[in-house]
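J.: Structure provided below as structure tokens; questions to follow.
What follows draws every value from the coordinates through simple rules; no lab data is involved. Values in this document were obtained by computation on a predicted structure and should not be read as measured data. Please note: Cβ atoms are built from the backbone with ideal geometry, for glycine as well, and neighbour counts cover all protein chains shown.
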Amino acid sequence: MNTELLNLFPKNYMASRERFRGQITHVQEHWPNAELHQYALAEHPELTLDWLRAEALTQPEKLIILTTGEHGAEGIVGAAMMQLFIEEYLPRLNPQNTGLLLVHAINPWGMQHNRRVNSNNVDLNRNFIGDGKIFIPAANPEYRPLHPFLNPQKTLRGSLCSKLEFLSKLIKIMVSPGQSALRSGMLMGQYEFSQGLYFGGGQIEEETWVMVDLYRKAVQPYAQILHLDMHTGYGPRYQMSLVNSPTERRAPTELKTAFNYPEVVAAIPEEFYAIQGDMIDWVYLLVQTEFPEKMLYATAFEFGTLGTSLPAAIRSLRAMIFENQVHWHGALREATARRVQADFSELFAPTEKTWRAKAIADAQQAFNGILRDQGFF
Ligand SMILES: [Zn+2]
């Protein structure tokens with residue numbers, strides 16, 4: 001096992017941010033004009049969105065955007081891939097015609113507190129509502145009947161009795177008519193229950209505004225844009241999936257060949273699941289409506305963690321529900337709260353060495369395939 005590669009995974013938000021900021025000197029060896037920027041959260045000024053930006057030195061043609069930590073807790077794996085990209089791929093790009101936008105922790109509060117959501121409980125990947133659309137609380141009627149199951153309004157009891165209660169409720173939902181709505185109703189996002197899972201917010205969040213501004217400014221000089229966004233939690237355990245926007249014109253089968261990459265899916269209900277307020281969808285919308293002459297390929301790296309079996313799906317749902325329940329209502333015992341936190345961490349930042357090594361290998365294969373296909377080297 002290559003321990004140097006495993007060191008790519010940071011311990012926590014603060015250590016990761018410090019390392020990221022330190023990369024500026026390395027980037028400046030290739031792009032002397034590179035700049036490090038920060039945005040401090042209004043209510044948590046010690047937490048920042050950090051980004052490295054560099055314009056092409058002579059002839060702006062291509063822009064590469066790498067983003068991480070939109071779902072805070074997923075930022076540990078995201079930061080590993082960012083560091084990998086900076087060390088291995090950045091030196092192979094052409095600074096003369098290529099610009100960079102590298103974003104560390106879109107959701108710094110979530111990364112610091114090991115939550116997916118921001119401090120307002122908003123899932124930022126349900127918050128990029130554009131195209132003149134507004135936030136409608138009743139936007140997802142399938143979620144409402146699931147609310148009591150997904151968001152228990154009480155203190156979490158001992159872990160065994162809570163697990164049994166969870167399972168009996170789950171079985172009731174699964175045998176009732178309309179059980180197919182469980183996954184879609186939940187994952188699409190909801191705008192009604194502000195303490196619930198997959199809450200997309202009631203307005204555009206601060207972090208979302210920062211990103212919207214950043215994207216709009218960054219893409220302007222470039223004819224071709226590549227955007228790679230790092231996530232964890234979905235898909236097979238030892239296989240990263242490229243998850244494309246439904247807006248992407250090329251089919252997954254075509255892209256598998258073009259990238260020489262085994263797992264490419266589109267974010268449509270048959271292959272993945274539908275999402276409202278998705279960031280990548282918003283970037284496509286930005287380019288289509290404001291810069292229709294530009295070329296864009298944007299995708300999410302989804303590093304699978306627990307896997308796709310039914311028991312894995314149940315474990316993963318339980319980890320999400322318990323973590324949110326403990327956050328709002330506490331746990332009867334401290335030990336239960338700790339176990340819930342540990343299960344949640346494993347769901348979004350697995351610690352197993354074999355998992356981490358495979359995640360790096362998959363990212364290398366995808367970076368190689370995509371950067372070559374898109375003409376970056
Ligand atoms: Zn995510």
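J.: Over 24 Å between C-alpha atoms is what I'm after, so list which of K217/K294; K62/K358; K133/K154; K62/K256 land there. Mind dumping the intermediate values first?
T.: Values: K217/K294 14 Å; K62/K358 29 Å; K133/K154 34 Å; K62/K256 22 Å.
Cα-Cα > 24 Å for K62/K358; K133/K154; rest within.
J.: In whole angstrom, how far apart do the alpha carbon centroids of the range 237-261 and the range 274-352 sit?
T.: That distance is 19 Å.
J.: Sticking with this structure for a sec: Roughly how tilted is helix 159-175, in degrees to the nearest 10 and between 0 and 90, from the longest Cα axis of the chain?
T.: For 159-175 against the chain, the angle is about 90 degrees.
J.: Hand me the trypsin sites (Lys or Arg not before Pro) from the range 37-120 located in a DSSP loop with no more than 10 other Cβ atoms within 10 Å, in residue order please.
T.: none
J.: For K353, which lysines qualify as cross-link partners when the Cα separation must be under 24 Å and same-chain residues fewer than eight apart are set aside?
T.: Of all the lysines, those that pass the test against K353 - Cα under 24 Å, at least 8 places apart if same chain - are K11.
J.: What percentage of all Cα-Cα pairs in the range 115-197 are separated by more than 14 Å?
T.: Every Cα pair in the range 115-197 considered, those over 14 Å come to 69 percent.
J.: On to the next question. Quick check on the exposure proxy: order Y215, Y238 from fewest to most C-beta atoms within 10 angstrom. Before the final figure, lay out each step's value.
T.: On the way: Y215 23, Y238 18.
The most exposed by this proxy come first: Y238, Y215.
J.: Would you look at the GNM of the chain, springs on alpha carbons closer than 10 Å, and say which of G110, G233, G158 moves the most?
T.: Of G110, G233, G158, the most mobile in the Gaussian network model is G158.
J.: Mind sorting T98, T247, T68, T58 by how few other Cβ atoms lie within 10 Å of their own Cβ, fewest first?
T.: If I rank by nearby Cβ atoms, fewest first, I get T58, T247, T98, T68.
J.: Additional query: Compute the convex hull volume of the Cα atoms of the range 228-319, divide it by the residue count, and report the result per residue in Å³ as a whole number.
T.: So the per-residue Cα hull volume is 106 Å³.
J.: Per-residue ellipticity at 222 nm for the chain, helices alone: DSSP H runs ≥ 4 residues times -39500 (n - 2.57), over residue total, nearest 500 deg cm²/dmol?
T.: Counting only the DSSP helices, I get -12500 deg cm²/dmol.
J.: Can you put V27, V77 in order of Cβ neighbours within 10 angstrom, beginning with the fewest? All intermediate terms of the calculation are to be shown ahead of the outcome.
T.: On the way: V27 22, V77 30.
Fewest-to-most ranking of V27, V77: V27, V77.
J.: Jot down the per residue volume, in cubic angstrom and as a whole number, of the convex hull over the alpha-carbon atoms of the range 143-286.
T.: In the range 143-286, the Cα convex hull volume per residue is 157 Å³.
J.: Another one. In the range 132-228, which GluC sites (Glu not before Pro) fall in coil by DSSP and have 16 or fewer other Cβ atoms within 10 Å?
T.: Loop-located and lightly packed - E142.
J.: Return the single residue from A267, A349, A361 with maximal mean-square fluctuation; model: Gaussian network over the chain, springs between Cα atoms under 10 Å.
T.: A361
J.: Hand me the GluC sites (Glu not before Pro) from the range 256-315 located in a DSSP loop with no more than 11 other Cβ atoms within 10 Å, in residue order please. Please report the intermediate quantities before stating the final value.
T.: Working: sites: E263, E270, E271, E290, E293, E302; in loops: E263, E270, E271, E293.
Of the GluC sites (Glu not before Pro), the ones in loops of the range 256-315 whose Cβ has at most 11 other Cβ atoms within 10 Å are E270, E293.
J.: Taking 10 °C and 1.306 mPa s as the conditions, I'd like the Stokes-Einstein D for the range 41-200 in µm²/s, using the Kirkwood hydrodynamic radius from alpha carbon pairs.
T.: This corresponds to a translational diffusion coefficient of 85 µm²/s.
J.: Tell me, Kirkwood radius of the range 248-377 from alpha-carbon pair distances, in Å? Could you put the intermediate results ahead of the total?
T.: Numbers: mean 1/r = 0.0566 Å⁻¹.
Final number for the Kirkwood radius of the range 248-377 is 17.7 Å.
J.: Under a plain spin-label model, where a point goes 7 Å from the Cα along Cα-to-Cβ, how far apart in nm are L6 and I24?
T.: In this crude label model, L6 to I24 measures out at 3.3 nm.
J.: Identify, among L36, L47, L167, the residue whose Cα sits farthest towards the positive end of the charge dipole of the range 21-173, taking +1 on the Cβ of Lys and Arg and -1 on the Cβ of Asp and Glu, with the dipole about the Cα centre.
T.: With unit charges placed on the Cβ atoms, the residue in question is L167.
J.: Translational diffusion coefficient, Stokes-Einstein: compute it for the chain using the Kirkwood radius over C-alpha pairs as Rh, at 20 °C and 1.002 mPa s, and state it as an integer in µm² s⁻¹.
T.: D = 101 µm²/s.
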